[in-house]
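Asker: Before anything else, here's the structure in question.
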Amino acid sequence: MAGLIKGVLARVEEKKEYKVDISVVVPLFNEEESVPELYKRLKDVLDGLKREYELIFVNDGSTDNTRQVLEDIFHGDNRVKVIELRMNFGKAPALSAGFDNATGAIILTIDGDLQDCPEDIPRFIEKIDEGFDVVSAWRMDRKEPFLTRRLPSLIANWCIARLSGLDIHDFGNAYKAYRAEVVSGIKLYGEHHRFIPVLAKNIGASVVEIRVRNEPRRHGQSKYGLGRIPRVFFDMITMKFLLTYSTRPLHILGPIGSFFGLIGVFLGMRLAYLKIFYGDVLGTKVSLSVCVLCLFLAVQIITSGLLAELLVRVYYESQGKKTYTVRCKLEHDT
Ligand code: UDP
Ligand code: MG
């Protein structure tokens, strides 16, 4: 029976050609002092894995000597690729550039400032080998100031986990490994790099977390300050909207518009009642204004929802995008 089924069923999986087993992507912005040691440690660890690999350094418009340091490394190692961005675009675009140029079946991203220990890489690969699609690092014992770094990070992580339903502890760290097909469908906007596991989960990927060491920054300084807090907040709103309502925006805007519409109608009826039975000249000016405002808001919000529905169709249909993802298909041979 098993043989018969084998004969008639063909397992159709999306065929992808990968040139190497692992692509390591490192975004770099003014990290000239860290790069030589980082390269050496990455090379030692990756050589030890006994798999085909490539090292992709993305120079995100550094203004120090990072470019020269990378070129020297490039000329001495044919497994190294260097992507030079024309200017400083930010970490998310730098990672995107790395993903676009990666040819590995597994893509691992690691910061270039030596805060992440390359020696942890084998544990990421082990988890991917176990079958997980995304492996995310949870920094233990972070050696950064509590008030300006760890506390905002704790709050942001807690909020993102609640909003996304993905129960991991550390979204902010870029030290992560992915099965390549998971990131190939993900486009990164703004500073959405911290949401990659969330976006991945949204297309059905399995996500696991491992604990890693974290070192203090030895050279240079962090490229981010407290200014990122409002950006993370607004990114969270975008993410929640994208995750839940990106294919059905009217389901969120419709009820909000209707809520204002109902208040407007109720106030309007009350004003009409006062006018008819008590000859009141359209109630007080305040309730008349509120009534008109609510009705106006209702129309605005519902029409925005309808426009958003139209945009969703343009977004998916113009790019031939699917509203679902397929792991594999079972089909009869014809
Ligand atoms: N980075 C980048 N472009 C930027 C800012 C940062 O490529 O515009 C890189 C940076 O060189 C480092 C990583 O992203 O390799 C993390 O940056 P940083 O250490 O400043 O962030 P933090 O660890 O403080 O969150
Ligand atoms: Mg850092």
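The values are calculated or read from the model by the stated rules, or taken from the named source; none is laboratory data. All of these numbers come straight from a predicted model, not from anything done at the bench. All Cβ positions, glycine included, derive from the backbone under ideal geometry; neighbour counts span all protein chains shown. When the accessible area is computed, the model is the full protein with side chains, heavy atoms only, and any ligands, DNA or RNA have been set aside. Shrake-Rupley method; radii C 1.70, N 1.55, O 1.52, S 1.80 Å.
Asker: What percent of all Cα-Cα pairs in region 127-170 falls in each 5 Å bin, counting up from 0?
Answerer: 5, 19, 21, 23, 15, 11, 4, 1
Asker: Counting DSSP beta bridges with both partners in the chain, what percentage is antiparallel, nearest 5? Working shown, then result.
Answerer: Numbers: 12 of 35 bridges.
Bridges in the chain are about 35 percent antiparallel.
Asker: Of the listed peptides 61-73, 261-273, what is their order by residue-averaged count of other C-beta atoms within 10 Å, with the highest listed first?
Answerer: 61-73, 261-273
Asker: Would you be so kind as to identify which of Thr247, Val198, Gly220 lies farthest towards the positive end of the dipole of region 184-275, taking Lys and Arg as +1 and Asp and Glu as -1 on Cβ and the Cα centre as origin?
Answerer: Farthest towards the positive end: Gly220.
Asker: Pull out a ≥ b ≥ c, the square roots of the eigenvalues of the alpha-carbon gyration tensor of region 156-216, then state rounded if a/c is under 1.5, prolate if not and a/b is larger than b/c, and oblate in the remaining case. If you can, show how the numbers build up before the last one.
Answerer: Values: a/c = 1.44, a/b = 1.25, b/c = 1.16.
Here region 156-216 falls in the rounded category.
Asker: Could you compute Rg(Cα) / (2.2 N^0.38 Å) for region 34-102, with N its residue count? Walk me through the intermediate numbers first.
Answerer: On the way: Rg = 12.2 Å, N = 69, 2.2 N^0.38 = 11.0 Å.
Normalised Cα radius of gyration, region 34-102: 1.11.
Asker: Determine Rg/Rh for region 167-305; Rg is computed over alpha-carbon atoms and Rh is the Kirkwood hydrodynamic estimate from the same atoms. Let's see the in-between values first.
Answerer: Details: Rg = 24.3 Å, Rh = 19.6 Å.
Checking Rg against Rh, the ratio lands at 1.24.
Asker: While we're here: Which aspartates and glutamates have a Cα less than 16 Å from the Cα of Lys40, not counting those fewer than 8 places away in the same chain?
Answerer: Hits, sequence-local ones excluded: Glu31, Glu32, Glu54, Glu71, Asp72, Asp77, Asp111, Asp113, Asp116, Glu119, Asp120.
Asker: Among Ser318, Leu330, Val26, which residue has its Cα positioned farthest towards the positive end of the charge dipole of the chain, with +1 placed on the Cβ of Lys and Arg, -1 on the Cβ of Asp and Glu, and the dipole taken about the Cα centre?
Answerer: Ser318
Asker: Expressed as an acute angle from 0 to 90° and rounded to the nearest 10, what is the orientation of the C-alpha long axis of helix 228-245 relative to the principal long axis of the chain?
Answerer: Here the helix axis deviates by roughly 70 degrees.
Asker: Rounded if a/c is under 1.5, else prolate if a/b beats b/c, else oblate: with a ≥ b ≥ c from the C-alpha gyration tensor eigenvalues square-rooted, which is region 52-149? Walk me through the intermediate numbers first.
Answerer: On the way: a/c = 1.78, a/b = 1.15, b/c = 1.55.
The shape class here is oblate.
Asker: Turning to a different aspect of this structure: Consider a paramagnetic label point 7 Å from the Cα of Leu147 along Cα→Cβ; state which residues of region 204-241 have an amide N under 14 Å from it.
Answerer: 226
Asker: Which far-off residues, 5 or more places away or on another chain, put their amide H under 5 Å from the one on Lys81, with H placed in the peptide plane?
Answerer: Those lying under 5 Å, H to H, from Lys81 are Leu55, Ile56, Phe57.
Asker: Let me check against my output: what whole-number percent is the relative contact order of the chain, with C-alpha pairs under 8 Å and at least 6 apart? Could the numbers behind the result be given before it?
Answerer: Numbers: 505 pairs, mean separation 64.2, N = 334.
With pairs under 8 Å counted, the relative contact order is 19 percent.
Asker: For region 172-323, what % of the accessible area comes from carbon and sulfur atoms, probe 1.4 Å?
Answerer: Carbon and sulfur: 68 percent of the exposed surface of region 172-323.
Asker: Please give the calculated 222 nm ellipticity per residue for the chain, where each DSSP H segment of at least 4 residues contributes -39500 (n - 2.57) and the sum is spread over every residue; nearest 500 deg cm²/dmol? Provide the component values of the computation, followed by the final result.
Answerer: Values: 11 runs with 161 residues, N = 334.
Per the formula, -15500 deg cm²/dmol.
Asker: Also, I was wondering about something else. Quick check for me: using +1 on Lys/Arg Cβ and -1 on Asp/Glu Cβ, what's the dipole size of the chain about its Cα centre, in debye to the nearest 20? Kindly include the intermediate steps, with their values, before the conclusion.
Answerer: Numbers: 45 positive and 42 negative charges, 271 e Å.
Dipole magnitude for the chain comes out near 1300 debye.
Asker: Suppose each label sits 7 Å from its Cα in the direction of the beta carbon; what would the Asp72-Ser246 distance come out to in nanometres?
Answerer: That separation, rounded to one decimal, is 4.3 nm.
Asker: Mind giving me the nanometre distance, one decimal, between the label points for Arg218 and Ser184, set 7 Å out from Cα along Cα→Cβ?
Answerer: For the pair Arg218/Ser184, the computed spacing is 3.8 nm.
Asker: Related question: About the Cα centre of region 268-334, how large is the charge dipole given +1 on each Lys and Arg Cβ and -1 on each Asp and Glu Cβ? Please answer in debye to the nearest 20.
Answerer: For this selection, approximately 180 debye.
Asker: Same structure, new question: So if R0 is 41 Å, what FRET efficiency would Arg231 and Lys285 give, r being the distance between their Cβ atoms, rounded to the nearest 0.05? Let's see the in-between values first.
Answerer: Values: r = 41 Å, r/R0 = 1.01.
Here the calculated transfer efficiency is 0.50.
Asker: Give me the accessible area per residue for the chain, probe 1.4 Å, as a whole number in Å².
Answerer: On the way: 19060 Å² over 334 residues.
Averaged over the residues of the chain, the accessible area is 57 Å².
Asker: Okay, moving on. Work out the charge dipole of the chain with +1 on the Cβ of Lys and Arg and -1 on the Cβ of Asp and Glu about the Cα centre, then indicate which of Gly279, Gly112, Val232 is farthest towards its positive end.
Answerer: Farthest along the dipole direction, towards plus: Gly279.
Asker: Rounded to whole Å and sorted largest first, list the principal axis extents of the Cα atoms in region 246-334.
Answerer: Projected onto its principal axes, the Cα set of region 246-334 covers 79, 23, 17 Å.
Asker: May I pose another question? Of the listed pairs Lys50/Lys322; Lys127/Lys201; Lys81/Lys329; Lys81/Lys321; Lys19/Lys43; Lys143/Lys176, which have alpha-carbon separations greater than 26 Å here?
Answerer: Working: Lys50/Lys322 37 Å; Lys127/Lys201 16 Å; Lys81/Lys329 35 Å; Lys81/Lys321 30 Å; Lys19/Lys43 18 Å; Lys143/Lys176 19 Å.
As for pairs spanning more than 26 Å Cα to Cα, those are Lys50/Lys322; Lys81/Lys329; Lys81/Lys321.
Asker: If you don't mind, there's one more thing I want to ask. Quick one: angle between helix 35-49 and the longest Cα principal axis of the chain, in degrees between 0 and 90, rounded to 10, please.
Answerer: Computed tilt is about 80 degrees.
Asker: Mind pulling the per residue volume of the convex hull built on the Cα atoms of the chain? Å³ is fine. Walk me through the numbers on the way to the answer.
Answerer: On the way: hull volume 72.2 nm³, N = 334.
Expressed per residue, the convex hull around the Cα atoms of the chain is 216 Å³.
Asker: Here is a further query. Using only Cα atoms, find the angle between the long axis of helix 66-76 and the longest principal axis of the chain, and express it within 0 to 90 degrees, rounded to the nearest 10.
Answerer: For helix 66-76, the angle is close to 40 degrees.
Asker: Also, quick follow-up: What would the Debye formula give as log10 I(q)/I(0) at q = 0.10, 0.12, 0.13, 0.17 Å⁻¹ for the alpha-carbon point model of region 83-214, no solvent?
Answerer: Once normalised to I(0) and log-transformed, intensities are -0.30, -0.45, -0.53, -0.93.
Asker: What distance in nm lies between label points placed 7 Å from Cα along the C-beta direction at Glu126 and Leu311?
Answerer: 4.5
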